[in-house]
1. Hey, among A:277, A:202, A:285, which residue is part of a helix (DSSP H, G or I), out of contact with any helix residue (DSSP H, G or I) (no Cβ under 7 Å at 6 or more places or on another chain), at pLDDT below 95 and surrounded by fewer than 19 Cβ atoms within 10 Å (Cβ to Cβ)?
2. Of everything in the stretch A:243-274, what is assigned to a helix (DSSP H, G or I) and touching a helix residue (DSSP H, G or I) at 6+ places or on another chain (Cβ under 6 Å)? Give them in sequence order.
3. Just to be sure I understand the filter: pairs with C-beta atoms under 7 Å, separated by 6 or more residues or on different chains, first member in the stretch A:53-71 and more than 7 Å from every other protein chain (Cβ to nearest Cβ) and free of Cβ contacts under 8 Å to residues at least 40 places away in the same chain, second member surrounded by fewer than 20 Cβ atoms within 10 Å (Cβ to Cβ) and part of a loop (DSSP other than H, G, I, E, B). Which pairs pass?
4. Which one of the conditions (1) surrounded by 13 or more Cβ atoms within 10 Å (Cβ to Cβ); (2) modelled with pLDDT under 95; (3) more than 25 Å from the chain's Cα centre (by Cα) does residue A:391 fail to meet, given that it meets all the rest?
5. As an exercise: evaluate residue A:182 against (1) assigned to a loop (DSSP other than H, G, I, E, B); (2) under 16 Å from the mean Cα position of the chain (by Cα); (3) under 20 Å from residue A:295 (Cα atoms) and give the number of the one condition it does not meet.
6. Inspect all residues belonging to the stretch A:31-40 and state whether any of them is more than 7 Å from chain B (Cβ to nearest Cβ) and assigned to a loop (DSSP other than H, G, I, E, B).
7. Is it the case that residue A:224 is more than 14 Å from every other protein chain (Cβ to nearest Cβ), more than 21 Å from residue A:403 (Cα to Cα), modelled with pLDDT under 95 and out of contact with any strand residue (DSSP E or B) (no Cβ under 7 Å at 6 or more places or on another chain)?
8. I need every pair where a residue in the stretch B:21-44 that is facing another protein chain (nearest Cβ under 7 Å) and exposed (fewer than 13 other Cβ atoms within 10 Å of the Cβ) has its Cβ under 6 Å from the Cβ of a residue that is assigned to a loop (DSSP other than H, G, I, E, B) and at pLDDT 90 or above, sequence separation at least 6 or different chains.
């Protein structure tokens, strides 16, 4: 896109063309940060659901003044010819009656208010599924945070009625992941999103937008490139210009920044912190652990990335004590399995207490002989306190991670 | 489901469903660009691609990764 931006800037200034972007990302605010970094200020549409049904990006399209596509995937050198040419209106472009107009915008609120699609009784399952999917899309796009739960329920109805609809599964995953990144998050949302994306990709393995969505959060051994390793550099350069970087709703996680790898580190010589299991268990639930495996189903012989999300229990005002040991996670690999780094430490922040969510990501590789559901055993050790001046304890939490192997 | 409801959902009239290998994108040279009603990245408000027609348009479908 930056290459095109240089080629089109002068033409835009002269009013000879307009540039519009459509972004295909789970987190559209990151595209806004990218645009700010590169100084690109053209309008962008957000197509988080991939309603456009593109399977790859980037795609550049020349559209003439009559709304007719004239070239797909042109080169910048083609721009001058496109600008200079006068295109005759095609017959289809003269019929504007069926094209969306501004009046449809007023009807959006009515569509969102409808709790269920109408007129479905007695209709075939496929027709009902399509209606539920369209209704879910409307709620997701225009209903805001308040309608996200209802949108998810509508997507679920769609996939129940039509299990082989990969698009519905992908979009259900997008919606659930959006909820995961919001204050309305529910336990298991991230795994549900990954599972739906995995099922969608199983239905259409050539859909590279769907594939990239899984790879974004997945293991380094299966990653084509680092997805968001540019974010910190962008922020630094934007600040140097005296601007404030676009704020992100969800910070890129370690998986989203990690570079691809051809092999595991297979770190050796690391000492297991509590081999005898002598540290007392966190029976009061000071800290909850949410587990997500990406991809949802691992190919035998293939890798997976485990996301372990640690949250202090707000109901008992639990918080980390940062004056002692760091959070440590130890993962025991079953026979035949490899672990990239069996011991991971999350350094404590400088303040004496804190309540932030802490995320540990570990990669494993299954043996070729793996099959069915395999349980990986791990445990976490942490210093945690109850309430502001409450008791501070060193506790262990055993973590069982079920990995499905196909 | 009424035709207007389909439009309001932001669907595109692509015909029969096909796998990505058959149709990696919906743009066909010589045909109208698909109708678009999507949120603006700037403020989430609905925007129509039709607002930009009437000028020659360079349309980029992309991701920042």
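The values are calculated or read from the model by the stated rules, or taken from the named source; none is laboratory data. Computed from a prediction, not measured in an experiment: that's the story for all the values here. Heads up, the Cβs are rebuilt from the backbone with ideal geometry, glycines too, and the neighbour counts pull from every protein chain shown.
1. Result of the check over A:277, A:202, A:285: A:202.
2. A:256, the sole residue that qualifies.
3. Between residues of the stretch A:53-71 that are more than 7 Å from every other protein chain (Cβ to nearest Cβ) and free of Cβ contacts under 8 Å to residues at least 40 places away in the same chain and residues that are surrounded by fewer than 20 Cβ atoms within 10 Å (Cβ to Cβ) and part of a loop (DSSP other than H, G, I, E, B), the close pairs are A:66/A:87; A:66/A:89; A:66/A:90.
4. Every listed condition holds for residue A:391 apart from (1).
5. Only one criterion is unmet by residue A:182, namely (3).
6. yes
7. no
8. Sorted first by the residue in the stretch B:21-44, then by its partner, the pairs are B:21/A:206.
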